[in-house]
Amino acid sequence: MPWQWLAPIISIAYLAVLFIVAYYGDRRALQGRSLVNNPTIYTLSIAVYCTAWTYYGSVGRATVGGVGFLPISLGPTLIAPLWFFFLAKIITIAKINHTTSIADFISARYGRSPALGGMVTLFVVLGIMPYVALQLKAVAVSLGVLISMDTHSATGTMTSLWNQTAFYVAVCMALFAILFGTRHLDASERHEGIVLAVAFESIVKLGVFLVLGVFVTYGLFDGFGDLFGKAMADPNLRWLMDFDAVPGGYASWFSITFLSMMAIVFLPRQFQMLVVENLSQEHITRASWLFPLYLLAFNLFVIPIAIAGKIIFSGQGVDPDLFVLSLPIYGRQEWLALLVYIGGLSAATSMVIVETVALSTMVSNDLILPLLLRSRTTFRDDLSGIILGLRRGIIVGLLMLGYLYYRLIAESNTLANIGLVSFAAVAQFAPSIFLGIYWTGASRRGAIGGLIAGFLVWFHTLLLASFAQSGWIAASFLTDGPWGLAWLKPHALFGSTLFDPISHAVFWSMSANVGVFVLISLFDRQTAVEQIQALNFVNVYEKGAEGGNEYLWSGFVSMGDLKKLLARFIGPAQADLEFSHYAQHNHLELGDGVPSPAHLVAFVEKLLTGTIGSASARVMISSVVKGEELDFQGVMRILNETSQVIAYSQRLESKSQQLEAATQKLQEANAQLQELDRMKDEFISTVSHELRTPLTSIRAFSEILHDNENLEISERQKFTSIIIKETNRLTRLVNQILDLAKIESGKMEWYVCEVDLAQIVQEAVDATRMLFENKSVQLINQVPDRCIMLQADRDKLIQVAINLLSNAIKFCNPQDGVVKIELRKSPDAIGLAIIDNGVGIAQEDLERVFERFHQVYNSPVNLPLGTGLGLTICRRIIERHNGKIWAESLLGQGTSFIFLLPHSTTPNMGSL
Amino acid sequence: MSIHKKRRDRLVALTIFGIIAFNYPLLAIFDRYETVFGVPLVFCYLFGFWLLFVILTALIAKKPLLDHS
């Protein structure tokens with residue numbers, strides 16, 4: 001088959017399919033029916049992690065290192081459960097701050113430092129370009145092999161055709177990245193089309209790899225058993241089944257696991273997909289297990305393919321990196337070979353496109369724009385066109401740079417490990433980010449120092465070392481150290497020969513990075529902006545969305561100027577829209593000459609951050625704001641005051657709750673007091689009345705006796721008997737008042753002993769017999785005539801019974817009065833019920849009759865029938881015995897007064 | 001906090017468990033010339049434990065991330 005023209009056409013056709021997918025994704029996003037807002041698509045988009053390096057290179061690595069290729073996938077698997085914490089936090093922070101790249105994130109955290117953003121960008125470009133070059137090489141080489149359809153061409157030797165191919169591949173990818181990555185300037189910098197295309201490519205590459213794996217294992221061989229059996233029998237292959245085959249052993253295994261743990265989040269393309277393109281944090285849930293599963297599937301057939309290639313191409317010089325493509329060609333499955341090539345193309349294109357789009361945002365926002373905006377004081381009205389053009393130029397530039405790098409080192413063997421070198425580069429960002437989001441003390445100078453230290457070590461131990469290995473610089477650099485300084489040997493710093501090169505580089509670069517970072521931070525003094533950003537990042541969940549942003553600007557700027565500034569970057573129509581939305585939401589009056597409130601300035605700064613990065617946004621805002629930024633002391637004062645105010649207000653809140661409760665209790669107590677006071681007043685008037693009535697009659701009759709000496713004896717006796725009766729009443733009243741006062745002040749003396757309830761009833765009945773007869777009230781005593789023993793004060797209990805009985809007599813039916821005495825029992829108490837057949841007591845008065853001085857008036861005459869103290873005294877007595885007393889009544893049918901005394905417990909005779 | 005504390009602790013424990021299981025010296029125990037159904041033991045262990053790890057992650061993580069209460 002004429003593959004030399006069919007293969008390029010199919011490649012272009014495949015890219016066209018990608019265009020359609022991406023276009024569809026963008027259109028759906030515009031219609032508001034996002035396809036990307038889906039956890040599975042999110043997971044597949046993260047699989048941009050699996051590049052051509054994984055696709056072709058894993059097999060190559062397996063042929064020399066056994067399972068040594070696995071840590072690249074195990075790292076992400078092991079850290080995926082932790083995504084719930086740190087990734088969720090990074091996403092939250094990035095959303096709030098409109099962060100669009102890893103450089104922007106770091107720069108924003110450390111006081112929106114342009115220097116830091118630029119530095120991170122430079123490091124990323126330096127660290128990632130070889131990785132991009134590797135992808136171009138993979139596509140070019142695989143296309144060359146496919147066109148010849150001959151395993152003998154798969155030896156890894158360069159041809160000029162490949163170079164041309166790589167160039168066209170780079171052009172196609174640049175075109176794609178420009179079309180879907182820089183269509184418009186957007187505050188969120190999301191590219192749903194690209195995400196969808198990448199997800200599609202992730203399915204393609206995995207699907208093809210699995211099909212190939214099955215073909216090799218079951219088509220060329222007889223299953224896993226057969227394949228591994230042959231390998232174990234061959235002494236040239238047997239050693240691969242052992243862990244000893246892993247280069248660098250367990251130390252390198254651990255180091256690479258660590259590097260890939262960092263790389264899965266901090267590679268620019270991963271940060272783009274995981275953080276910037278994330279639409280919902282809920283998606284992390286599925287990604288945390290589905291992505292490791294994806295990686296597992298991707299690695300399942302790597303070893304079988306590697307063994308198969310080693311067995312089949314033994315001694316033929318076929319490049320192990322191309323076994324994936326050579327095996328189907330050997331098996332005369334040309335269409336499968338084509339599919340495999342497409343899979344590799346998928347892996348390479350998705351990586352290159354996402355990486356260049358992410359890098360172009362970083363280079364434009366964090367490297368070029370801050371310089372550009374600083375150096376030029378006047379601008380045309382609309383800058384959005386310039387920025388878009390700039391980004392497109394950067395994409396083209398980056399890919400050309402990648403191509404050049406490819407031409408430069410294409411034939412060198414170092415490409416095999418270039419992926420790990422890139423991983424080690426981005427791992428240098430881990431301290432700045434992790435410490436940045438969990439430690440407010442991490443300072444800008446610390447971050448800069450740490451990054452520089454880490455990168456210098458990385459540059460020396462990995463990049464320069466790899467150059468030396470490929471012969472660009474003298475080999476003596478490796479063997480003797482630079483300038484012959486042995487302690488600077490790139491693979492044995494300070495004579496440390498314990499590690500393999502990767503572990504060595506990881507150990508020294510991370511130590512230098514973290515060490516310098518922490519040391520400087522500990523002795524550094526942060527600026528106001530740094531402190532505010534540190535709080536905003538670390539306390540993102542506690543502080544809510546807006547943090548202390550409004551303190552960042554204190555100068556004057558009119559709304560008109562501010563809007564004009566925004567319009568330059570996002571266009572006048574969009575700026576108008578944003579302003580009116582914000583004004584509506586915050587109840588602001590818009591007007592060109594009106595001074596902008598600080599929060600509006602902060603809002604515009606955030607919008608600009610999304611478009612041109614945080615450092616540039618800061619530069620732009622400060623160009624229009626007149627007056628100074630707040631000085632350090634000023635901001636700290638405001639911040640301290642604010643936090644103090646917050647603390648105070650929280651304490652106040654709890655205090656006021658306590659106060660409220662206390663107030664309520666006081667109010668209740670007050671109401672009770674007022675009621676008591678009222679009753680006391682009533683009592684005094686009652687007592688005076690009660691006292692005056694007998695006194696008046698005593699005085700009146702005494703005067704009659706005194707003035708009329710010749711009164712008849714019978715008259716005299718009648719008057720003196722009235723005087724005696726009234727005096728008795730007075731005595732009773734005074735006695736009761738004294739009794740109550742004694743009980744309540746705790747001075748009453750109690751004599752507790754075994755008493756017989758039946759006997760007490762009998763005595764009370766005897767004492768009140770005269771009353772019953774006088775009022776001709778019938779008494780029905782139903783208390784059994786046997787001993788009912790309990791512990792009580794005998795006299796007091798009799799007093800209670802008499803009181804209740806005389807009350808019953810007073811209030812029973814005047815014509816046909818009946819009073820009943822019954823025995824009452826409960827499981828642990830015993831007592832009496834005294835029941836009359838009078839008018840009864842209203843439900844709401846049943847409790848009040850026990851209150852002091854509560855009087856029940858006999859309605860027609862409105863004269864009190866008692867002293868108002870009898871029941872109160874009864875209740876006090878019963879309560880002293882740990883018993884209870886209450887009234888039950890049906891209006892018109894009579895009232896029952898019931899008391900119960902516990903027979904088990906000793907009465908409480910102490911103070912109340 | 002945006003995450004239930006118990007689940008957080010479980011996920012951290014799982015990661016630590018995974019890092020231990022996928023490194024020296026535990027790996028060395030399985031590094032023998034033995035086969036299980038024709039597949040070398042160390043492969044069986046690596047892929048088997050990998051699958052187990054994924055399943056455990058899924059089981060712990062399956063509840064929605066944000067606690068909206």
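So, counting K/R as plus one and D/E as minus one, what does the shell of residues with Cβ under 15 Å around A:Gly60 add up to?
+1
Arrange the peptides A:442-448, A:202-208, A:869-875, A:753-759 so that the one whose residues have, on average, the most other Cβ atoms within 10 Å appears first.
The densest-packed peptide leads the list: A:442-448, A:869-875, A:202-208, A:753-759.
If I take every Cα pair under 8 Å that is 6 or more residues apart in chain A, average their sequence separation and divide by the length, what percent do I get for the relative contact order?
Value for chain A: 14 percent.
Pairs of Cα atoms under 8 Å, at least six residues apart: use those to get the relative contact order of the range A:665-766, whole percent.
23 percent
Calculate, for A:Thr40 and B:Leu41, the FRET efficiency according to 1/(1 + (r/R0)^6) with r their C-beta to C-beta distance and R0 30 Å; round to the nearest 0.05.
Calculated transfer efficiency: 0.30.
To one decimal place, what orientation-averaged projected area in nm² is obtained for the convex hull of the Cα set of the protein assembly as shown?
Result: a mean projected hull area of 65.9 nm².
Could you give the nm distance between label points at A:Ser558 and A:Asn586, where each point is 7 Å from its Cα heading toward the beta carbon?
Placing both labels 7 Å beyond Cα along the Cβ direction yields 1.9 nm.
Give the order of A:His504, A:His587, A:His283, A:His903 when sorted by the count of other beta carbons within 10 angstrom, beginning with the fewest.
A:His587, A:His903, A:His283, A:His504
Which FRET efficiency value, to the nearest 0.05, do you get for A:Lys230 and B:Ile55 by plugging their Cβ-Cβ distance into 1/(1 + (r/R0)^6) with R0 = 35 Å?
In this case the efficiency is close to 0.65.
With the crude spin-label approximation of a point 7 Å out along Cα→Cβ, what separation in nm comes out for A:Asp242 versus A:Leu673?
9.4 nm
Counting other beta carbons within 10 Å of each residue's own, what order do A:Ile147, A:Ile284, A:Ile452, A:Ile395 fall into, fewest first?
With the sparsest Cβ surroundings first, the list reads A:Ile452, A:Ile147, A:Ile284, A:Ile395.
Return the loop-located chymotrypsin sites (Phe, Trp or Tyr not before Pro) in the range A:1-109 (DSSP other than H, G, I, E, B) with at most 13 other Cβ atoms within 10 Å of their own Cβ; answer none if there are none.
For chymotrypsin sites (Phe, Trp or Tyr not before Pro) across the range A:1-109 that sit outside H, G, I, E and B with at most 13 neighbouring Cβ atoms in 10 Å, the list is empty.
Please give, to one decimal in nm, the separation of the simple spin-label points placed at A:Ser622 and A:Thr731, each 7 Å out from Cα toward the Cβ.
10.3 nm
Which percent, nearest 5, of DSSP beta bridges in the protein assembly as shown are antiparallel?
Among the beta bridges of the protein assembly as shown, antiparallel pairing accounts for roughly 90 percent.
Can you give the angle from 0 to 90° between the axis of helix A:114-148 and the longest principal axis of chain A, with both taken from C-alpha atoms, to the nearest 10?
Once rounded, one gets 50 degrees.
Taking 0.36 nm per intervening residue step and subtracting the Cα-Cα distance, what contour gain separates A:Ala662 from A:Ala842 on full extension?
Taking A:Ala662 through A:Ala842 to full extension adds about 61.5 nm, to one decimal.
Can you tell me the FRET efficiency between A:Gln164 and A:Val594 if r is taken as the Cβ-Cβ distance and R0 is 45 Å, rounded to the nearest 0.05?
Approximately 0.15, to the nearest 0.05.
Tell me what chain A gives for mean residue ellipticity at 222 nm when only DSSP H runs of n ≥ 4 count, each as -39,500 (n - 2.57), the sum divided by the residue total, rounded to 500 deg cm²/dmol.
-21000 deg cm²/dmol
No value in this document is a laboratory result; all are computed from the given coordinates. Keep in mind that what you see is a predicted model, and the values were worked out from it rather than measured. In this analysis, Cβ positions are derived from the backbone assuming ideal geometry, glycine residues included, and neighbour counts consider all displayed protein chains.
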